[in-house]
Amino acid sequence: MELPKAPLLFAKWPNTLIGDGEPIVLPPEATAVDYEAELGVVIGTKAKRVSEADALEYVEGYICVNDVSARDLQFGDGQWTRGKSVDTFCPVGPRLVPREEIADPQQLGIRCIVNGEALQDSSTGQMIFSVAEIIAYVTRVITLEPGDLIATGTPAGVGVFRDPKVLLKDGDEVSIEIDGVGTLTNPVEKER
């Protein structure tokens, strides 16, 4: 894919949030559900028009995020909110790691493991936009409040672009591993 010139923003609502060990639930309306390993950034201080140089000072800490996405809804709608805001589609955890414990958020190994197989294996050093760039970009027009969560983008290897595709199904187990941050693991189940 062609690289974007600026970060692409979309919203995920609070209904999407679940913790480590809680199930990602697949509704019948979403037939092409994908995983996305992402470094989560939790804001600690109100941030508006923050410079890139100062951006990391506004971070409370880092957390593993799985930006679960219903690709059929996402691509079918022509915008991403519904496909990314399905109930349970934002697992986070297992804990918030304080900013001070991560020397450089751009030097962390990041992986997604589905049923024991590493389908994404990269480094945050490969991010198109750094954590600091993303915070500075967002705060030009959106004020970030303490507790706001930014998912910073996913590495190569998502299921929809694999050949053959690898989409989440009932009975799967998905783990997001980020060096120094932890491992987030969630079962996948069909809505009952």
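General observations
- The relative contact order of the chain comes to 33 percent, based on Cα pairs under 8 Å that sit 6 or more residues apart.
- 1.4 Å probe accessible area per residue over the stretch 28-160, in Å²: 43 Å²
- Subtracting the Cα-Cα distance of Leu8 and Arg49 from their residue separation scaled by 0.36 nm leaves 13.0 nm.
- Computed extension gain for Glu29 through Glu100, at 0.36 nm per residue and net of the alpha carbon distance, reaches 21.4 nm.
- DSSP-loop chymotrypsin sites (Phe, Trp or Tyr not before Pro) across the stretch 24-133, with at most 10 other Cβ within 10 angstrom: none
- Cross-link reach list, lysines versus Lys169, counting only Cα pairs under 27 Å and skipping chain neighbours closer than eight places: Lys12, Lys84, Lys190
- For the stretch 64-80, 3J(HN,Hα) computed residue by residue from phi via the Karplus equation (6.51, -1.76, 1.60; θ = phi - 60°) reads 6, 10, 10, 7, 4, 9, 7, 4, 4, 6, 4, 6, x, 7, x, 8, 9 Hz, glycine and proline entered as x.
- For the stretch 62-192, with +1 on Lys and Arg beta carbons and -1 on Asp and Glu, the positive-most of Val68, Gly182, Gly125 along the dipole: Val68
- Under 16 Å from the Glu133 label point (7 Å along Cα→beta-carbon), backbone N, the stretch 149-175: 151-156
- Estimated at 0.36 nm per residue, the fully extended path between Phe161 and Thr143 surpasses their Cα-Cα distance by 3.1 nm.
- For Kirkwood radius over Cα pairs in Å, the value computed from the atomic coordinates appears in the list [x] 16.7; [y] 19.2; [z] 16.3 under label [x].
- Estimated from helices alone, the mean residue ellipticity of the chain at 222 nm is -2500 deg cm²/dmol (sum of -39500 (n - 2.57) over DSSP H runs with n ≥ 4, per residue).
- Only the Cβ atoms of Lys and Arg (+1) and of Asp and Glu (-1) were treated as charged; on that basis the dipole of the chain about its Cα centre amounts to roughly 520 debye.
- Local electrostatic count, Ser51, Cβ distance below 14 Å [Lys/Arg +1, Asp/Glu -1]: -1
- Carbon/sulfur fraction of accessible area - the chain, other protein chains in place, 1.4 Å, %: 52 percent
- Set of lysines near Lys5 by C-alpha distance (under 20 Å), chain-local residues within fewer than 8 positions excluded: none
The values are calculated or read from the model by the stated rules, or taken from the named source; none is laboratory data. Worth saying up front: this structure is predicted, and the values here are computed from it rather than measured. Neighbour counts run over all protein chains shown; Cβ positions are idealised from the backbone, glycine included. We work out accessible area using only protein heavy atoms, side chains counted, and drop any ligands, DNA or RNA first. Shrake-Rupley method; radii C 1.70, N 1.55, O 1.52, S 1.80 Å.
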